[in-house]
């Protein structure tokens, strides 16, 4: 989230698209009801299904799964055509006037530079024109045809309401009504918030869905303002924390990058990360990258990390490919290229696509270690459960070790919510049986491993032997110790850069912000964005002061929000060029003539003068981007791409299948179905009654939603002779499931490209373990395809077929 | 060959001649009657307890409210089948006859105890027949409505609106049944010499002559034994 | 040492002090009890409370059901899916509240509406269950409006099922007592709001004094009217004297749209007749009959068999015996009108 849950109450219009906040985030959704009650805010839901969120919405529009980009580009086109643009914002805070290289262009739904062999773009043309002074060339008159604004207008020109209706199946009148409601928020005193979740990410072009809305929000001047923003509703209580501390194959904490083979030493690594400002006076905050990286390396290897050895940089693993994401790991596993797999708090047998492939993959492991509080399906992938897990245990030689862990209510620590709040929690129950915290288990594995390296040596023992491990109890570091390490502290006395006679920080003291981190080895900090969470003043995450003097939902003294306890990112953009809030009633910060101040922590140097420094300090331009340069693998503008399995062809390029640069392995192409065999669009989702595959282990949740089902329209049910509550078989190119049928008015057939498209809704929560009835998940059916940028599987749009099955209706 | 009975039931016969005693109810019938009677008393007491708050204390007789709640319908079932047996034995002689109308027309005489001017009657007079048919009908109604409101075993048998009617009809029928029960008991007491028919099984010749002369006459005219029966 | 009495809760999220406090819902606060007519007048009048369910804010998440199960420690069965979102499929003795889902294609606006209503006891001011109940003190009404089932006094007869205009009470199959929402009387007694209201993430369920809830509802209704629901209104049916669980409905003119919420609920005339006039008239009739019979027995001459009757019988039998001896066959036939 750029904003926070509590900030949603400040909005005038909530657009829930690519998510189902009421159902999947019911507790956070309370802030939508607050906005409706306090401000008379309206709620729009755009979704293939009339969801529980839609049930409390002011307006609903249906959409075909996987066509969101067309819808969003259509809204942008409408806003531009109808002058629903917050001009002052767009002119000053975006790159609309920047000139793009002449070579850049697009045709047939593709951008320049596509290489069919490598399934990737040569992105060199996706760049600004740089002047001799090293700064980007701009045209404030917007007359230059190569300026971003003109390119954007040309890019969205095809997305007429008629085109949107044809692609999305959204009736034109409904689409236009949504446009009108959104267009009202171009006013500086009206804001719209976007709440989205996996309905946007689980596509082969998920990142571009989100880009599309971000661009619309920029157009309306809604980024950085109270009640605005791009608000990703994270799917797990601590999934934000997972990405923050870099539990990705290509990241280290604080969104720093894991080195690649092409970066053998520290200086090579840093050479591409200078982040020189692209416009005069800009902060380009990533210029501090070195400070964060050195502090991270010092946190890893302490005294062993020295300037001479590049702070231990060489002990970091180097990627030979872009990343080892989940899809790639399981693909490698299925080829027998993985021996041991640690599965920690993860149930991939139910959560990753193409379950048949996963079962095969796990069967090729020598050892599978599952760390989980629950008896997961993954740990029992070798057990035969009839149709629910039809395997032959005698053919599976994988050894499975289950290490029971504590669950969140049984241990202490912080979870990071969608609004980037690190909220400390305390153990509420005693862990049952032999369960141990994940930290205890990992520590014990580490200590044994280190002992082996000490005794027996081995290849490259340094990263293990030199690892800092100065916890009071090496077998069981406390949550507070780990949090302090993430925060960072001075290793030696740190002098004040402005006055070397003064001391900025005494050795051993916790840093109070990432501004105190140094690149000379005098500080350590494992996750720079968490700096300030556990300072000399104590555990900031444990604060529970719910006073909100401004009434803006800022709650400065409730827990800690990264970065720097800032609640709304880019909040400098909530003010006009002179530093006055666009809407005085919703002031987050303002320029008081000498400095920035207000209820929130300014997202800019507090003394950075208005009109000099742009609000988007993380970008070298100082402004935000309609044209995203080379940051997205599948294009600097979002363009409509069909899902890999689609009932209609892409009208921009009928030959193009899916996203041309999406994560797709050659072996999986044969397992894609087409509309002749599988005419129905399947989409997966959560239900309020359950949380993923956990709560089916709980009797109460099992009571509230006991059995696997699929949802279909009355029309499809009639067509296929399916009774309400009847049993159906649903199959795709990759597998089959049996479910109960919920026949509903809430899913309606859509007319796309002249043909009727039926949607089959498949909720995710059942498996063959737990208190609920045995069932399946949509991952049995889903394709092994991932997003081009973040490799999220395409669970939200693929093709299936359905028929009535044995076993009569129960109602 | 058999001697046809018109006013008497099998087993009815002259028991002794000096003095005359007449067998009115066989042992099995008397047992049947008393089972029915005591069940009915149990039902009335338990039913009344649930019918009116001021009589709720009667549940104490059965071991409390919940016991009363489950016992009452079981007694009802017992009563139903017990009464059904009685019914099968008695229904034929309780069919209305021409003389019943005349008897009823002179009900004042009956109440005064002056039966001299009344027509001769078979085994049952119109009052007894009224009790018989009244009870038969009400028991049928109560067993049907009782099952409808029998929460323990038939909770969803009928819709709630029907259930409401059923519970009201059940209660009203019970009131009616109690009234008939009072008539029945009182008539048996008031008409001296009656009760022994259900205890010893016999009545005196004078009683039979006075109240059920046709019945006596038929028995008097029969052979002692009735091989076919 | 006396423990301080808990305050009356005025919000769903009321947080009374954590030290133990004495109950604030006393036996003397009972203003009506089933099958008990002459209750002593209460010493005090508690403020009327109410739970307000704003259907327009409800997202059907079932947190209320979950909270209800947890707080009341009930154990509903894991049923099966029968093609709907209602689970369990109905109120049960183990499930005191239930989200009911209705898909309504509004013929006026041509918009689909998914009407979601939290079903459960309405806590009527004039409770049909209490009227129908034969067991003294099994159903009580406190002066704050809460209608509570006292299981210790309940006999499990199911009369409350017939009495309730909303089809709420359910008889427990093994415990044989009637069960329904208590409005968390045990929580209210110690200063806390109902569990469902506390758990509700969108504050679609709120709790407080009845007056405040009506005022809150008015504010919500105004908002709904501004959003185009011209018939929005409060459901506080006067047919049962008003209720202590109320709804804000977008279509207050058609409550039955919401999974058959009664349009105009009242205690059935049949139930009223049965538990009213019939009860007393019936008892009187039986009493009069019994007393009348006794009086008659005491005062009137009994119907006794006379010596004459005995003699006549003797003669009839003897005469018949003679005839049988003479005419064995004929005597078998009855002789009409013979003397």
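The values are calculated or read from the model by the stated rules, or taken from the named source; none is laboratory data. Everything numeric in this text was worked out from a predicted model, so none of it was measured. With ideal geometry, Cβ positions are generated from the backbone for all residues, glycine too; neighbour counts draw on all protein chains shown.
Selection over the range A:404-426 of residues that are surrounded by fewer than 19 Cβ atoms within 10 Å (Cβ to Cβ), over 24 Å from the mean Cα position of the chain (by Cα) and either farther than 15 Å from residue A:541 by Cα or modelled with pLDDT under 95 (or both) gives a count of 3. Checking each residue in the range A:485-517 for being surrounded by fewer than 18 Cβ atoms within 10 Å (Cβ to Cβ) and assigned to a helix (DSSP H, G or I) picks out only A:515. Please verify whether residue A:232 is within 27 Å of residue A:344 (Cα to Cα) and at pLDDT 95 or above, treating the condition exactly as stated. In short, yes. Does residue B:138 fit the bill of being in contact with a helix residue (DSSP H, G or I) (Cβ under 8 Å, 6 or more places away or on another chain), more than 8 Å from every other protein chain (Cβ to nearest Cβ) and assigned to a loop (DSSP other than H, G, I, E, B)? No; evaluated as a whole, the condition is false for this residue. Just to be sure, is residue C:221 in contact (Cβ under 8 Å) with a residue 24 or more places away in the chain, surrounded by 19 or more Cβ atoms within 10 Å (Cβ to Cβ) and within 14 Å of chain B (Cβ to nearest Cβ)? Answer is no for this residue. When residue C:52 is tested against the conditions (1) facing chain A (nearest Cβ under 10 Å); (2) under 21 Å from residue C:127 (Cα atoms), the lone failure is (1).
Looking at the range A:533-554 only, could you name the residues that are under 19 Å from residue A:2 (Cβ atoms) and under 27 Å from the mean Cα position of the chain (by Cα)? Result: A:552, A:553, A:554.
When the criteria are applied in full, residue A:247 fails the requirement of being modelled with pLDDT of 95 or more, under 16 Å from residue A:529 (Cα atoms) and out of contact with any strand residue (DSSP E or B) (no Cβ under 6 Å at 6 or more places or on another chain). Count of the range C:98-113 residues, restricted to those that are over 29 Å from residue A:738 (Cβ atoms), more than 10 Å from every other protein chain (Cβ to nearest Cβ) and in contact with a strand residue (DSSP E or B) (Cβ under 6 Å, 6 or more places away or on another chain), is 1. Exactly one residue out of C:43, C:80 is at the interface with chain A (Cβ under 7 Å from one of its Cβ atoms) and surrounded by fewer than 22 Cβ atoms within 10 Å (Cβ to Cβ), and it is C:80.
Among residues that are under 30 Å from residue A:419 (Cβ atoms) and part of a helix (DSSP H, G or I), residue A:184 is included.
Answer yes or no as to whether residue A:244 is surrounded by fewer than 22 Cβ atoms within 10 Å (Cβ to Cβ) and closer than 25 Å to residue A:49 by Cα. In short, no.
Identify, please: which residue in the range B:9-47 is within 10 Å of chain C (Cβ to nearest Cβ) and assigned to a loop (DSSP other than H, G, I, E, B) and is, among those, surrounded by the most Cβ atoms within 10 Å (Cβ to Cβ)? The selected residue is B:19.
Restricting to the range C:238-248, and then to whatever is out of contact with any helix residue (DSSP H, G or I) (no Cβ under 6 Å at 6 or more places or on another chain) and within 15 Å of residue C:55 (Cβ to Cβ), can you tell me which residue is surrounded by the most Cβ atoms within 10 Å (Cβ to Cβ)? This residue is C:245. The residues in the range C:120-137 that are over 11 Å from the mean Cα position of the chain (by Cα) and either at positive phi or buried (at least 24 other Cβ atoms within 10 Å of the Cβ) (or both) can be counted, and the count is 4. Here the condition is being in contact (Cβ under 8 Å) with a residue 60 or more places away in the chain and facing chain B (nearest Cβ under 10 Å); of C:127, C:194, C:136, it holds for C:136 alone. The set of residues from the range A:545-584 being within 19 Å of residue A:31 (Cα to Cα) and either touching a strand residue (DSSP E or B) at 6+ places or on another chain (Cβ under 7 Å) or part of a helix (DSSP H, G or I) (or both) comprises A:545, A:546, A:558, A:559, A:561, A:567. For the range C:226-237, the tally of residues that are under 18 Å from residue C:57 (Cβ atoms) and more than 12 Å from chain A (Cβ to nearest Cβ) stands at 6. When A:660, A:706 are screened for being within 14 Å of chain C (Cβ to nearest Cβ) and crowded, with 21+ Cβ neighbours inside 10 Å, only A:706 passes.
Only one of the numbered conditions (1) assigned by TED's automatic domain parsing to the domain that holds residue A:82; (2) without any contact (Cβ under 8 Å) to a residue 40 or more places away in the chain is violated by residue A:219, and that is (2).
Name the residues in the range C:33-64 that are free of Cβ contacts under 8 Å to residues at least 40 places away in the same chain and in contact with a helix residue (DSSP H, G or I) (Cβ under 8 Å, 6 or more places away or on another chain), would you? Those that are free of Cβ contacts under 8 Å to residues at least 40 places away in the same chain and in contact with a helix residue (DSSP H, G or I) (Cβ under 8 Å, 6 or more places away or on another chain): C:37, C:40, C:43, C:62. The number of residues in the range B:205-222 being in contact with a strand residue (DSSP E or B) (Cβ under 6 Å, 6 or more places away or on another chain) and more than 16 Å from residue C:324 (Cβ to Cβ) comes to 2.
Counting only residues that are assigned to a loop (DSSP other than H, G, I, E, B), surrounded by 12 or more Cβ atoms within 10 Å (Cβ to Cβ) and either at the interface with another protein chain (Cβ under 7 Å from one of its Cβ atoms) or touching a strand residue (DSSP E or B) at 6+ places or on another chain (Cβ under 6 Å) (or both), the range C:253-305 holds 6 of them. Conditions: (1) surrounded by fewer than 20 Cβ atoms within 10 Å (Cβ to Cβ); (2) at the interface with another protein chain (Cβ under 7 Å from one of its Cβ atoms). Residue B:144 meets all but one. Number of the miss? Status for residue B:144: all satisfied but (2).
Yes or no, residue by residue, for (1) within 10 Å of another protein chain (Cβ to nearest Cβ); (2) at pLDDT 90 or above:
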| position | (1), (2) |
| --- | --- |
| B:185 | yes, yes |
| B:190 | yes, yes |
| B:223 | yes, no |
| B:227 | no, no |
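Of all residue pairs spaced 6 or more apart or on separate chains, those with beta-carbon atoms under 8 Å, a first member in the range B:26-46 that is without any contact (Cβ under 8 Å) to a residue 24 or more places away in the chain and a second member that is surrounded by fewer than 16 Cβ atoms within 10 Å (Cβ to Cβ) are B:45/B:61.
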